[in-house]
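**Q** Handing you a structure now.
The values are calculated or read from the model by the stated rules, or taken from the named source; none is laboratory data. All values reported here derive from a predicted model rather than from experimental measurement. Here the Cβ positions follow ideal geometry from the backbone for every residue, glycine too, while neighbour counts run over all protein chains shown.
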Ligand code: MG
(Lines give C-alpha, C1' and ligand atoms only; values in the text may rest on other atoms or scores of the structure.)
Protein backbone atom coordinates (compact mmCIF):
# COMPACT_ATOMS: atom_id res chain seq x y z
CA UNK A 1 0.00 0.00 0.00
CA UNK A 2 1.14 3.47 -0.81
CA UNK A 3 0.06 6.70 0.90
CA UNK A 4 -0.24 10.08 -0.83
CA UNK A 5 -1.17 13.34 0.92
CA UNK A 6 -2.63 16.59 -0.39
CA UNK A 7 -3.33 19.92 1.32
CA UNK A 8 -6.58 21.77 0.72
CA UNK A 9 -8.30 24.82 2.19
CA UNK A 10 -12.05 24.59 2.85
CA UNK A 11 -13.72 27.98 2.39
CA UNK A 12 -16.60 28.66 4.78
CA UNK A 13 -19.84 30.07 3.36
CA UNK A 14 -20.12 32.30 6.43
CA UNK A 15 -17.48 33.44 8.88
CA UNK A 16 -17.87 30.81 11.58
CA UNK A 17 -17.65 31.73 15.27
CA UNK A 18 -17.92 29.44 18.29
CA UNK A 19 -17.04 30.26 21.90
CA UNK A 20 -13.36 29.50 21.17
CA UNK A 21 -12.71 31.58 18.05
CA UNK A 22 -13.60 32.81 14.56
CA UNK A 23 -12.77 31.16 11.22
CA UNK A 24 -13.17 31.99 7.50
CA UNK A 25 -11.35 28.98 6.09
CA UNK A 26 -10.23 25.62 7.45
CA UNK A 27 -7.09 23.87 6.18
CA UNK A 28 -7.41 20.09 5.79
CA UNK A 29 -5.30 17.21 4.47
CA UNK A 30 -6.59 14.56 2.07
CA UNK A 31 -4.99 11.12 2.14
CA UNK A 32 -5.04 8.55 -0.63
CA UNK A 33 -4.23 4.87 -0.11
CA UNK A 34 -3.17 3.27 -3.40
CA UNK A 35 -3.13 -0.51 -3.78
CA UNK A 36 -3.88 -2.87 -6.68
CA UNK A 37 -5.07 0.03 -8.82
CA UNK A 38 -7.74 1.08 -6.30
CA UNK A 39 -7.57 4.41 -4.47
CA UNK A 40 -9.12 4.83 -1.02
CA UNK A 41 -9.57 8.38 0.16
CA UNK A 42 -9.50 9.89 3.65
CA UNK A 43 -9.41 13.31 5.24
CA UNK A 44 -7.90 14.96 8.31
CA UNK A 45 -9.52 18.15 9.59
CA UNK A 46 -7.24 18.97 12.53
CA UNK A 47 -8.47 20.90 15.57
CA UNK A 48 -6.21 22.99 17.78
CA UNK A 49 -8.52 22.05 20.67
CA UNK A 50 -7.01 18.57 20.44
CA UNK A 51 -3.46 19.75 19.72
CA UNK A 52 -3.39 19.29 15.94
CA UNK A 53 -2.64 21.55 12.98
CA UNK A 54 -2.11 20.74 9.30
CA UNK A 55 1.63 20.84 10.05
CA UNK A 56 1.35 18.16 12.74
CA UNK A 57 -0.92 16.10 10.46
CA UNK A 58 1.61 16.26 7.63
CA UNK A 59 4.54 15.51 9.95
CA UNK A 60 2.69 12.45 11.29
CA UNK A 61 1.59 11.17 7.89
CA UNK A 62 5.17 11.46 6.56
CA UNK A 63 6.10 8.81 9.13
CA UNK A 64 3.39 6.40 7.97
CA UNK A 65 4.92 3.74 5.74
CA UNK A 66 2.26 1.39 4.41
CA UNK A 67 4.57 -0.26 1.84
CA UNK A 68 5.09 -3.40 4.00
CA UNK A 69 1.32 -4.04 4.09
CA UNK A 70 0.13 -6.19 1.22
CA UNK A 71 -3.43 -6.67 2.47
CA UNK A 72 -5.64 -3.71 3.46
CA UNK A 73 -8.30 -6.12 4.80
CA UNK A 74 -6.26 -6.64 7.97
CA UNK A 75 -7.51 -3.27 9.18
CA UNK A 76 -6.67 -3.74 12.86
CA UNK A 77 -3.06 -4.66 12.10
CA UNK A 78 -2.64 -1.67 9.79
CA UNK A 79 -4.26 0.75 12.23
CA UNK A 80 -2.35 -0.62 15.24
CA UNK A 81 0.86 0.12 13.34
CA UNK A 82 -0.40 3.68 12.65
CA UNK A 83 -1.53 4.09 16.28
CA UNK A 84 1.89 3.13 17.63
CA UNK A 85 3.84 5.66 15.52
CA UNK A 86 3.05 8.41 18.08
CA UNK A 87 0.32 9.21 20.62
CA UNK A 88 -2.38 11.79 19.82
CA UNK A 89 -2.60 12.85 16.16
CA UNK A 90 -6.20 11.64 16.05
CA UNK A 91 -7.25 13.48 12.88
CA UNK A 92 -4.15 12.27 11.02
CA UNK A 93 -4.93 8.72 12.15
CA UNK A 94 -8.58 9.13 11.15
CA UNK A 95 -7.51 10.07 7.62
CA UNK A 96 -5.67 6.77 7.23
CA UNK A 97 -8.53 4.82 8.86
CA UNK A 98 -11.08 6.37 6.49
CA UNK A 99 -8.91 5.78 3.41
CA UNK A 100 -8.37 2.10 4.27
CA UNK A 101 -12.10 1.58 4.87
CA UNK A 102 -12.88 3.35 1.59
CA UNK A 103 -10.38 1.12 -0.20
CA UNK A 104 -12.02 -2.05 1.20
CA UNK A 105 -15.50 -0.95 0.13
CA UNK A 106 -14.24 -0.12 -3.35
CA UNK A 107 -12.39 -3.43 -3.61
CA UNK A 108 -15.58 -5.29 -2.68
CA UNK A 109 -17.73 -2.97 -4.81
CA UNK A 110 -20.14 -2.20 -1.95
CA UNK A 111 -20.87 0.82 0.25
CA UNK A 112 -19.14 0.71 3.61
CA UNK A 113 -22.44 0.70 5.51
CA UNK A 114 -23.31 -2.56 3.75
CA UNK A 115 -19.90 -4.03 4.61
CA UNK A 116 -20.70 -3.13 8.25
CA UNK A 117 -24.10 -4.83 8.06
CA UNK A 118 -26.12 -1.61 8.32
CA UNK A 119 -29.24 -0.48 6.52
CA UNK A 120 -28.45 2.54 4.39
CA UNK A 121 -31.97 3.91 4.50
CA UNK A 122 -32.05 4.08 8.32
CA UNK A 123 -30.33 7.43 8.46
CA UNK A 124 -31.25 10.14 10.97
CA UNK A 125 -31.94 13.82 10.39
CA UNK A 126 -28.94 16.08 10.79
CA UNK A 127 -28.93 19.35 12.62
CA UNK A 128 -27.60 22.44 10.87
CA UNK A 129 -25.22 24.62 12.86
CA UNK A 130 -25.75 28.32 13.41
CA UNK A 131 -22.42 29.84 14.49
CA UNK A 132 -22.19 32.75 16.89
CA UNK A 133 -22.84 36.16 15.35
CA UNK A 134 -24.92 39.21 16.11
CA UNK A 135 -28.49 38.16 16.99
CA UNK A 136 -29.69 39.76 13.73
CA UNK A 137 -27.17 37.80 11.60
CA UNK A 138 -28.01 34.58 13.46
CA UNK A 139 -31.68 35.11 12.69
CA UNK A 140 -30.73 35.60 9.01
CA UNK A 141 -28.83 32.30 9.09
CA UNK A 142 -31.84 30.60 10.69
CA UNK A 143 -34.00 31.88 7.85
CA UNK A 144 -31.45 30.67 5.25
CA UNK A 145 -31.55 27.21 6.85
CA UNK A 146 -35.22 26.83 5.93
CA UNK A 147 -34.82 23.23 4.69
CA UNK A 148 -33.39 21.98 8.00
CA UNK A 149 -35.95 20.93 10.65
CA UNK A 150 -33.32 20.80 13.41
CA UNK A 151 -30.94 23.63 14.22
CA UNK A 152 -27.92 23.59 16.50
CA UNK A 153 -27.26 26.99 18.00
CA UNK A 154 -23.78 27.85 19.19
CA UNK A 155 -23.82 29.71 22.52
CA UNK A 156 -21.37 30.26 25.36
CA UNK A 157 -20.68 33.99 25.26
CA UNK A 158 -22.36 36.77 27.25
CA UNK A 159 -25.34 37.45 25.00
CA UNK A 160 -26.86 33.93 24.95
CA UNK A 161 -30.21 35.20 26.11
CA UNK A 162 -30.44 37.88 23.44
CA UNK A 163 -29.51 35.35 20.73
CA UNK A 164 -31.96 32.65 21.80
CA UNK A 165 -34.84 35.08 22.28
CA UNK A 166 -34.30 36.47 18.76
CA UNK A 167 -34.15 32.96 17.25
CA UNK A 168 -37.16 31.60 19.16
CA UNK A 169 -39.11 34.61 17.94
CA UNK A 170 -38.71 33.49 14.30
CA UNK A 171 -38.83 29.68 14.50
CA UNK A 172 -40.62 26.81 16.25
CA UNK A 173 -38.08 24.25 14.96
CA UNK A 174 -36.26 21.79 17.21
CA UNK A 175 -33.31 23.69 18.70
CA UNK A 176 -30.21 22.07 20.14
CA UNK A 177 -27.62 24.17 21.93
CA UNK A 178 -23.84 23.80 21.98
CA UNK A 179 -22.02 25.93 24.57
CA UNK A 180 -18.56 24.59 23.57
CA UNK A 181 -17.36 24.74 27.21
CA UNK A 182 -18.38 28.41 27.36
CA UNK A 183 -20.16 28.50 30.74
CA UNK A 184 -17.51 28.66 33.42
CA UNK A 185 -19.49 28.11 36.65
CA UNK A 186 -22.10 25.46 37.38
CA UNK A 187 -24.54 28.09 38.68
CA UNK A 188 -24.40 30.07 35.43
CA UNK A 189 -24.74 26.85 33.42
CA UNK A 190 -27.79 25.70 35.42
CA UNK A 191 -29.47 29.07 35.14
CA UNK A 192 -28.99 29.11 31.34
CA UNK A 193 -30.14 25.52 30.93
CA UNK A 194 -33.29 26.11 32.99
CA UNK A 195 -34.08 29.01 30.76
CA UNK A 196 -33.30 27.01 27.60
CA UNK A 197 -35.68 24.30 28.83
CA UNK A 198 -38.44 26.91 29.04
CA UNK A 199 -37.70 27.81 25.42
CA UNK A 200 -38.24 24.15 24.51
CA UNK A 201 -34.68 23.25 23.54
CA UNK A 202 -33.97 19.54 23.02
CA UNK A 203 -30.55 19.16 24.71
CA UNK A 204 -27.36 20.98 25.58
CA UNK A 205 -23.94 19.98 24.34
CA UNK A 206 -20.80 20.51 26.45
CA UNK A 207 -22.10 23.18 28.86
CA UNK A 208 -18.86 23.56 30.80
CA UNK A 209 -15.11 22.96 30.33
CA UNK A 210 -14.24 19.28 30.01
CA UNK A 211 -11.77 19.67 32.91
CA UNK A 212 -14.69 20.49 35.28
CA UNK A 213 -16.23 17.01 35.30
CA UNK A 214 -17.34 17.26 38.96
CA UNK A 215 -19.22 20.48 38.22
CA UNK A 216 -20.84 18.86 35.18
CA UNK A 217 -21.90 15.91 37.36
CA UNK A 218 -23.51 18.41 39.79
CA UNK A 219 -25.18 20.08 36.84
CA UNK A 220 -26.38 16.76 35.43
CA UNK A 221 -28.21 15.95 38.69
CA UNK A 222 -30.18 19.19 38.37
CA UNK A 223 -30.43 19.85 34.64
CA UNK A 224 -33.94 19.76 33.14
CA UNK A 225 -32.38 19.05 29.70
CA UNK A 226 -30.22 16.13 28.60
CA UNK A 227 -26.48 16.90 28.51
CA UNK A 228 -24.34 15.63 25.65
CA UNK A 229 -20.55 15.36 26.00
CA UNK A 230 -18.41 16.64 23.16
CA UNK A 231 -15.07 18.07 24.31
CA UNK A 232 -15.37 15.72 27.35
CA UNK A 233 -15.25 12.63 25.14
CA UNK A 234 -12.35 12.08 22.81
CA UNK A 235 -11.59 8.37 22.82
CA UNK A 236 -13.13 5.03 23.80
CA UNK A 237 -11.35 5.10 27.18
CA UNK A 238 -13.18 8.31 28.20
CA UNK A 239 -16.65 6.76 28.12
CA UNK A 240 -16.86 4.82 31.44
CA UNK A 241 -16.15 7.98 33.43
CA UNK A 242 -18.81 10.05 31.66
CA UNK A 243 -22.01 8.16 32.40
CA UNK A 244 -22.42 9.99 35.74
CA UNK A 245 -22.16 13.42 34.13
CA UNK A 246 -23.94 13.07 30.80
CA UNK A 247 -26.90 11.55 28.97
CA UNK A 248 -25.07 11.07 25.70
CA UNK A 249 -21.81 11.50 23.81
CA UNK A 250 -20.83 13.22 20.58
CA UNK A 251 -18.44 11.00 18.61
CA UNK A 252 -16.32 12.61 15.91
CA UNK A 253 -14.01 10.65 13.65
CA UNK A 254 -11.40 13.42 13.90
CA UNK A 255 -11.26 13.05 17.70
CA UNK A 256 -11.34 9.26 17.94
CA UNK A 257 -8.97 8.17 15.12
CA UNK A 258 -11.69 7.04 12.74
CA UNK A 259 -14.38 4.51 11.89
CA UNK A 260 -12.81 1.53 13.65
CA UNK A 261 -12.76 3.20 17.06
CA UNK A 262 -16.07 5.04 16.49
CA UNK A 263 -17.78 1.64 16.19
CA UNK A 264 -16.29 0.53 19.50
CA UNK A 265 -17.39 3.82 21.09
CA UNK A 266 -20.97 3.36 19.91
CA UNK A 267 -21.03 -0.07 21.55
CA UNK A 268 -19.44 1.24 24.75
CA UNK A 269 -21.93 4.10 24.93
CA UNK A 270 -24.84 1.66 24.59
CA UNK A 271 -23.40 -0.46 27.40
CA UNK A 272 -23.39 2.68 29.60
CA UNK A 273 -26.93 3.63 28.47
CA UNK A 274 -25.67 6.78 26.81
CA UNK A 275 -27.29 8.28 23.74
CA UNK A 276 -25.06 8.52 20.69
CA UNK A 277 -24.57 11.57 18.54
CA UNK A 278 -22.13 11.79 15.69
CA UNK A 279 -20.66 15.17 14.91
CA UNK A 280 -17.93 16.60 12.77
CA UNK A 281 -15.40 19.35 12.39
CA UNK A 282 -15.66 21.58 9.35
CA UNK A 283 -14.91 18.82 6.82
CA UNK A 284 -15.41 18.08 3.13
CA UNK A 285 -17.73 15.35 1.90
CA UNK A 286 -14.92 12.84 2.50
CA UNK A 287 -14.97 13.11 6.31
CA UNK A 288 -18.73 13.60 6.43
CA UNK A 289 -19.48 10.62 4.16
CA UNK A 290 -17.23 8.41 6.27
CA UNK A 291 -19.09 9.36 9.47
CA UNK A 292 -22.45 9.06 7.70
CA UNK A 293 -21.74 5.36 6.99
CA UNK A 294 -22.25 4.74 10.74
CA UNK A 295 -25.31 6.96 11.05
CA UNK A 296 -27.88 4.12 10.95
CA UNK A 297 -26.50 3.24 14.43
CA UNK A 298 -26.93 6.62 16.11
CA UNK A 299 -29.60 8.75 17.81
CA UNK A 300 -28.57 12.25 16.74
CA UNK A 301 -26.56 13.45 13.75
CA UNK A 302 -24.72 16.72 13.45
CA UNK A 303 -23.04 16.06 10.13
CA UNK A 304 -23.39 19.41 8.41
CA UNK A 305 -19.64 20.12 8.04
CA UNK A 306 -19.69 19.93 4.25
CA UNK A 307 -22.86 22.03 4.04
CA UNK A 308 -20.97 24.88 5.71
CA UNK A 309 -18.33 25.14 2.94
CA UNK A 310 -18.43 26.59 -0.57
CA UNK A 311 -15.62 24.68 -2.34
CA UNK A 312 -16.16 21.00 -1.51
CA UNK A 313 -14.05 19.07 -4.05
CA UNK A 314 -16.11 15.91 -3.49
CA UNK A 315 -19.71 14.83 -3.36
CA UNK A 316 -20.94 11.96 -1.22
CA UNK A 317 -23.41 11.67 1.65
CA UNK A 318 -25.74 14.64 1.53
CA UNK A 319 -28.56 16.24 3.44
CA UNK A 320 -32.01 16.34 1.82
CA UNK A 321 -34.64 18.40 3.62
CA UNK A 322 -32.62 17.86 6.76
CA UNK A 323 -32.37 14.08 6.36
CA UNK A 324 -28.96 12.51 5.92
CA UNK A 325 -28.75 10.43 2.72
CA UNK A 326 -26.18 7.82 1.80
CA UNK A 327 -25.18 7.34 -1.83
CA UNK A 328 -25.08 3.82 -3.22
CA UNK A 329 -21.47 4.15 -4.39
CA UNK A 330 -18.81 1.78 -2.99
CA UNK A 331 -16.62 2.60 0.01
CA UNK A 332 -17.48 5.86 1.75
CA UNK A 333 -19.40 6.79 -1.41
CA UNK A 334 -17.58 9.91 -2.58
CA UNK A 335 -16.59 11.00 -6.06
CA UNK A 336 -14.82 14.10 -7.31
CA UNK A 337 -17.05 16.96 -8.39
MG1 LIG B 1 -19.82 20.49 20.00
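**Q** Return the residue satisfying two criteria in turn: it lies in the stretch 289-307 and is within 15 Å of the ligand (Cβ to nearest atom) and touching a helix residue (DSSP H, G or I) at 6+ places or on another chain (Cβ under 6 Å), and of such residues it is farthest from residue 14 (Cα to Cα).
**A** 291
**Q** Hey, another quick one. Quick one: in the stretch 198-213, which of the residues that are more than 19 Å from residue 157 (Cα to Cα) and part of a loop (DSSP other than H, G, I, E, B) is nearest to the ligand (Cβ to nearest atom)?
**A** Restricting to residues being more than 19 Å from residue 157 (Cα to Cα) and part of a loop (DSSP other than H, G, I, E, B), the top hit is 202.
**Q** Could you list all residues from the stretch 303-320 that are part of a loop (DSSP other than H, G, I, E, B) and either modelled with pLDDT under 95 or in contact with a strand residue (DSSP E or B) (Cβ under 6 Å, 6 or more places away or on another chain) (or both)?
**A** If the condition is that a residue be part of a loop (DSSP other than H, G, I, E, B) and either modelled with pLDDT under 95 or in contact with a strand residue (DSSP E or B) (Cβ under 6 Å, 6 or more places away or on another chain) (or both), then 303, 304, 310, 311 are the ones that fit.
**Q** For the stretch 188-210, which residues satisfy the criterion of being under 23 Å from residue 48 (Cβ atoms) and surrounded by 22 or more Cβ atoms within 10 Å (Cβ to Cβ)? Step through it out loud before you land on a result.
**A** Going through the stretch 188-210, the residues under 23 Å from residue 48 (Cβ atoms) turn out to be 205-210.
205, 206, 207, 208 - these are the residues of the stretch 188-210 that are under 23 Å from residue 48 (Cβ atoms) and surrounded by 22 or more Cβ atoms within 10 Å (Cβ to Cβ).
**Q** Taking only the stretch 226-260 into account, find how many residues are surrounded by 18 or more Cβ atoms within 10 Å (Cβ to Cβ) and touching a helix residue (DSSP H, G or I) at 6+ places or on another chain (Cβ under 6 Å).
**A** Residues that pass the stated criteria total 15.
**Q** Go over the candidates 30, 69 one by one and state the one that is touching a residue at least 60 places away in the same chain (Cβ under 8 Å), in a loop (DSSP other than H, G, I, E, B) and over 13 Å from residue 331 (Cβ atoms).
**A** The conditions single out 69.
**Q** Would the stretch 232-241 turn up any residue that is touching a strand residue (DSSP E or B) at 6+ places or on another chain (Cβ under 6 Å) and within 18 Å of residue 332 (Cα to Cα)?
**A** no
**Q** Filter the stretch 226-246 for residues that are part of a loop (DSSP other than H, G, I, E, B) and touching a residue at least 40 places away in the same chain (Cβ under 8 Å); which is nearest to the ligand (Cβ to nearest atom)?
**A** 230
**Q** Of all residues in the stretch 135-187 being closer than 14 Å to residue 204 by Cα and away from the ligand (no atom under 16 Å from the Cβ), which is surrounded by the most Cβ atoms within 10 Å (Cβ to Cβ)? Spell out the reasoning first.
**A** Of the residues in the stretch 135-187, the ones closer than 14 Å to residue 204 by Cα are 150-156, 160, 164, 174-183, 186.
Going one step further and asking which of them are away from the ligand (no atom under 16 Å from the Cβ), we end up with 164, 174, 186.
Numbers: 164: 21, 174: 17, 186: 19.
Restricting to residues being closer than 14 Å to residue 204 by Cα and away from the ligand (no atom under 16 Å from the Cβ), the top hit is 164.
**Q** Okay, moving on. Under 30 Å from residue 308 (Cα atoms), touching a residue at least 12 places away in the same chain (Cβ under 8 Å) and touching a strand residue (DSSP E or B) at 6+ places or on another chain (Cβ under 9 Å), is that true of residue 50?
**A** No; evaluated as a whole, the condition is false for this residue.
**Q** May I ask you to list pairs of residues, at least six apart or on different chains, whose Cβ atoms are under 9 Å apart, with the first in the stretch 166-178 being over 17 Å from residue 134 (Cβ atoms) and the second being assigned to a strand (DSSP E or B) and away from the ligand (no atom under 16 Å from the Cβ)?
**A** Note: pairs meeting the criteria are 174/125.
**Q** For residue 324, which of the numbered conditions (1) outside any strand (DSSP E or B); (2) in contact with a strand residue (DSSP E or B) (Cβ under 8 Å, 6 or more places away or on another chain) fails to hold?
**A** The single condition residue 324 does not satisfy is (1).
**Q** Another question, then. Check whether at least one residue in the stretch 265-286 is within 16 Å of the ligand (Cβ to nearest atom), more than 16 Å from the chain's Cα centre (by Cα) and either part of a loop (DSSP other than H, G, I, E, B) or closer than 27 Å to residue 38 by Cα (or both), and report yes or no.
**A** Checked against the condition, which is being within 16 Å of the ligand (Cβ to nearest atom), more than 16 Å from the chain's Cα centre (by Cα) and either part of a loop (DSSP other than H, G, I, E, B) or closer than 27 Å to residue 38 by Cα (or both), the stretch 265-286 yields at least one hit.
**Q** Looking at (1) outside any helix (DSSP H, G or I); (2) buried (at least 20 other Cβ atoms within 10 Å of the Cβ), which one does residue 216 not meet, given that it meets all the others?
**A** Among (1) outside any helix (DSSP H, G or I); (2) buried (at least 20 other Cβ atoms within 10 Å of the Cβ), the lone unmet condition for residue 216 is (1).
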